[in-house]
Structure formats: structure tokens, C-alpha cells
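Below you will find the structure I want to go over with you.
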Amino acid sequence: MIVFDLACREAGHVFEIWFGSSDDYESQKKRGLIACPYCGSTDVDKAVMAPRITAKSNQRSEVIRAPLESPPPVVGPSPSGAVVPMASASPSPEAFKAMVQALAEVQAKMLKGSEFVGRRFADEARSMHLGEQDSRPIHGQATIEEAQALIEEGIQVAPLPLPVRPPGQDN
Ligand SMILES: [Zn+2]
């Protein structure tokens, strides 16, 4: 079996017809057996088809970044020392949305049982590190300088994948 893209000369209708062989097409055409299914014209010929171009996925290298709140929220001290995986690819908007969704789930798990201490984060983390209070999972806000100071003091802090809205400050 062979398929031909055919077109009627009068109106230019394009249609496909299967034949047993290339010879079948020639003989049926000669006998006027091939008719345009749209207008019935038997004056048909092989259609000139544009090459079929496979649409490639639009690979844009545009990097979309989540807006960061300032100061950046940080989490810690983390007993597991969890490393937050950051995507390095350039995602499509859909992939980016899915990625943010995934990050939000990871973050929700990270923050489960963690206390939001807001701007007291650096003080609280340092206090726990010094043994002034029992260690517990906390998250809050710190400036870059505060976070760097904590790290230099050997206190484990990690930036959260997504900005955190302080409780009670929605909208
Ligand atoms: Zn036609």
C-alpha cells in the first residue's frame, strides 16, 4: 500500500488516497476513477506538499527567577544539614511553575514543626548554638550579613527555596 497526497486542479483541494501500488494510481487516474472527495473533480494530480517540518520544542534560554524578598528568609539550624537543591536548567514557564510547586512542597516539609521567629532568627540561632536554649527547628528572616556571620560562627543556616510570608502577614 502506498499513500499519495492528491489535489484537484480546479479548486486545489488536497486529500490522501491509498493505492495498492504506484501503478494502481496511474491506471485509476487514467480511467478517471480518482475523484476529489470535496468537489468530485476527476482532474486530480499529485499534490505538491511542503516538507513536513517537525516542530521542535521551543528551547528558550530565558532564565526566570523567583522574586526574592529582602532580607532573604533562612532556615536553620538544621540537624540534618540538608542541602537545598537548586535547579540550574532554564525551565519553560510550565516547568518553572511545576518546579516552584515542587519547591513549595519541599519547603512545607522543611518548615513542618519549625517555628517562625521572624527577625529574631539570627539571635535565636546563635542562642541555640551557644547552648543558651534547647535546639529546635526555626526559620525566620536574616540579612545576608547576619546569615554570613552565623555561618562563620559555625551555625548551620540554609536559604529557603522560596520566600516565606511571616504568619499573619498574608496579603
Ligand atoms: Zn476538489
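Taking the condition of being outside any strand (DSSP E or B) and either within 45 Å of the chain's Cα centre (by Cα) or modelled with pLDDT of 95 or more (or both), how many residues in region 12-24 meet it?
Keep residues of region 12-24 that are outside any strand (DSSP E or B), which gives 12-13, 20-24.
Next, only the ones that are either within 45 Å of the chain's Cα centre (by Cα) or modelled with pLDDT of 95 or more (or both) stay: 12-13.
Result for region 12-24: 2.
Moving to a separate point now. Does F4 satisfy the condition of being in contact (Cβ under 8 Å) with a residue 12 or more places away in the chain and more than 13 Å from the ligand (Cβ to nearest atom)? Full working, then the answer.
Details: in contact (Cβ under 8 Å) with a residue 12 or more places away in the chain: yes; more than 13 Å from the ligand (Cβ to nearest atom): yes.
In short, yes.
So the check is Cβ under 7 Å with 6+ separation or different chains; which pairs have a first residue in region 96-121 that's under 17 Å from A158 (Cβ atoms) and of a type in the set (A, V, I, L, M, F, W, C) and a second one that's in a helix (DSSP H, G or I) and modelled with pLDDT of 85 or more?
V117/E124
Oh, and also: Checking L6 against (1) assigned to a strand (DSSP E or B); (2) modelled with pLDDT under 90, only one condition comes out false. Which one?
The failed condition is (2).
Could you grab me the full set of residues in region 103-143 that are among the aromatic types (F, W, Y) and in contact with a Leu (Cβ under 9 Å, 6 or more places away or on another chain)?
Restricting attention to region 103-143, the residues satisfying the condition of being among the aromatic types (F, W, Y) are 116, 121.
The answer is F121, and nothing else.
Here is a follow-up. In region 15-35, which residues are touching a Phe, Trp or Tyr at 6+ places or on another chain (Cβ under 9 Å) and either near the ligand (Cβ under 9 Å from one of its atoms) or at positive phi (or both)?
F15
The values are calculated or read from the model by the stated rules, or taken from the named source; none is laboratory data. Just so it is clear, the model here is predicted, and its values are computed rather than measured. All Cβ positions, glycine included, derive from the backbone under ideal geometry; neighbour counts span all protein chains shown.
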